[in-house]
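Written below as structure tokens is the structure these notes are about.
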Amino acid sequence: MPDASQPPIRTQKLSVSVETGTILHGIDLTVTDGEAVALLGANGSGKSTLIKAMVGIVPITSGSAEIFGADITAARRSVPWSRIGYVPQRLGPSSGVPATAVEVVASGLLHNRRLRTGRATRKKALEALDQVGLADRAHDSVQVFSGGQQQRVLIARALVRDPDLIILDEPLAGIDRASKEALARTLARMRGNGTTVLVVLHELGELAGMLERAVVLRHGRVIFDGLPPSAAPGHDHPDHDHVHAHADTAPPGHTVPDLRSEW
């Protein structure tokens, strides 16, 4: 069970810079236990960079990121990675080996670079595939799957860990409507079981009904943190899912309360 004394995610003054400039500027963000949070913003706003910094894929230039109280830069080995499910945008480049769906999902049980083998592992992998509606494709190569099906395999790979925290990077991008609806149902079930959800989105779309908080980035800075527009009184129309459009077109003088009142 999650440690109630430490939030699943906390960043303090987190900045990321590369040779061409600074991508993130002093991000302060806390996600509490059981929350479902959307990280929104236009392309290039720094959304994916932020979550990659949180999970140690992108180096942090300054500031800190903590997962369940463990600082990933100062005490990486103490981070409870087994409690975290991370879903990237797409499967990585093929190694030439036609891995099956059940093999990809079972790889989510890697521990200290060793894969737990045996019937228990296979059973958990099949159960995770069933949760995303792909149990009947368990032994098919993921190379022949559609983009939406591959995304569901990645979600199953995260689910197989029974995570307390799941982080998803643009899971709705480029997938069909049926896959989006299946993803929404899966995440809703996870939320019902107490899993904390942080999801990077371009717009809320099919996930609007389960998300209770929106954090909007613009040019590497947080410009809004509060109720998503679909949860605001009188603003439950799908057109209001385009949170980033409000943020990206707002004049520089706008503040967080100004944006909230416009919705």
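The values are calculated or read from the model by the stated rules, or taken from the named source; none is laboratory data. Nothing here was measured: the structure is a model prediction, and the numbers come from that model. Cβ placement follows ideal geometry from the backbone for every residue including glycine, while neighbour counts extend to all protein chains displayed.
Within the option set Thr73, Thr61, being at pLDDT below 90 and under 15 Å from Ser17 (Cβ atoms) holds for one residue only, Thr73. Candidates in segment 173-187 are the residues that are touching a strand residue (DSSP E or B) at 6+ places or on another chain (Cβ under 9 Å) and part of a helix (DSSP H, G or I); of these, the one that is nearest to Asp162 (Cα to Cα) is Leu187. If we scan segment 214-224, do we find a residue that is at pLDDT 50 or above and farther than 24 Å from Val16 by Cβ? Scanning segment 214-224, I find no residue that is at pLDDT 50 or above and farther than 24 Å from Val16 by Cβ, so the answer is no. Every residue in segment 80-108 that is surrounded by 12 or more Cβ atoms within 10 Å (Cβ to Cβ), modelled with pLDDT under 85 and out of contact with any Pro (no Cβ under 9 Å at 6 or more places or on another chain), please. Scanning segment 80-108 gives Arg90, Leu91, Pro98. Taking first residues from segment 130-158 that are under 14 Å from Arg185 (Cα atoms) and partners that are of a type outside the set (Val, Ile, Thr) and in a loop (DSSP other than H, G, I, E, B), the Cβ contacts under 8 Å between residues at least 6 apart in sequence or on separate chains come to Arg152/Gly133; Arg152/Leu134; Ile155/Pro171; Ala156/Leu134. Restricting segment 33-50 to residues that are closer than 21 Å to Glu170 by Cα and of a type outside the set (Gly, Ala, Ser) leaves a set whose member that is modelled with the lowest pLDDT is Asn43. You will find that of Asp140, Asp169, Asp136, the residue that is at pLDDT 90 or above and exposed (fewer than 14 other Cβ atoms within 10 Å of the Cβ) is Asp136 and no other.
Going through (1) part of a helix (DSSP H, G or I); (2) over 14 Å from the mean Cα position of the chain (by Cα) one by one, Thr49 falls short only on (2). The single condition from (1) outside any loop (DSSP other than H, G, I, E, B); (2) at pLDDT 85 or above; (3) under 30 Å from Gly21 (Cβ atoms) that Gly209 fails is (3). Taking the criterion of being over 21 Å from Met190 (Cβ atoms) and either touching a His at 6+ places or on another chain (Cβ under 7 Å) or assigned to a strand (DSSP E or B) (or both), the residues of segment 212-223 that qualify are Val216, Leu217, Arg218, Gly220, Arg221, Val222, Ile223.
Listed by first and then second residue, the pairs linking a residue in segment 207-231 that is surrounded by fewer than 20 Cβ atoms within 10 Å (Cβ to Cβ) to a residue that is outside any strand (DSSP E or B) and of a type in the set (Lys, Arg), with Cβ atoms under 7 Å apart and 6 or more places separating them unless they lie on different chains, are Met210/Arg191; Gly226/Arg260. When segment 15-64 is filtered for residues that are within 14 Å of Ile167 (Cβ to Cβ) and loosely packed, with under 15 Cβ neighbours inside 10 Å, only Ile57 remains. Residue pairs whose Cβ atoms lie under 7 Å apart, sitting 6 or more positions apart in sequence or on different chains, and linking a residue in segment 5-18 that is within 16 Å of Leu39 (Cα to Cα) to a partner that is of a type in the set (Ser, Thr, Tyr) and part of a strand (DSSP E or B), are Pro8/Thr196; Ile9/Thr30; Arg10/Thr30; Thr11/Ser64; Leu14/Ser64.
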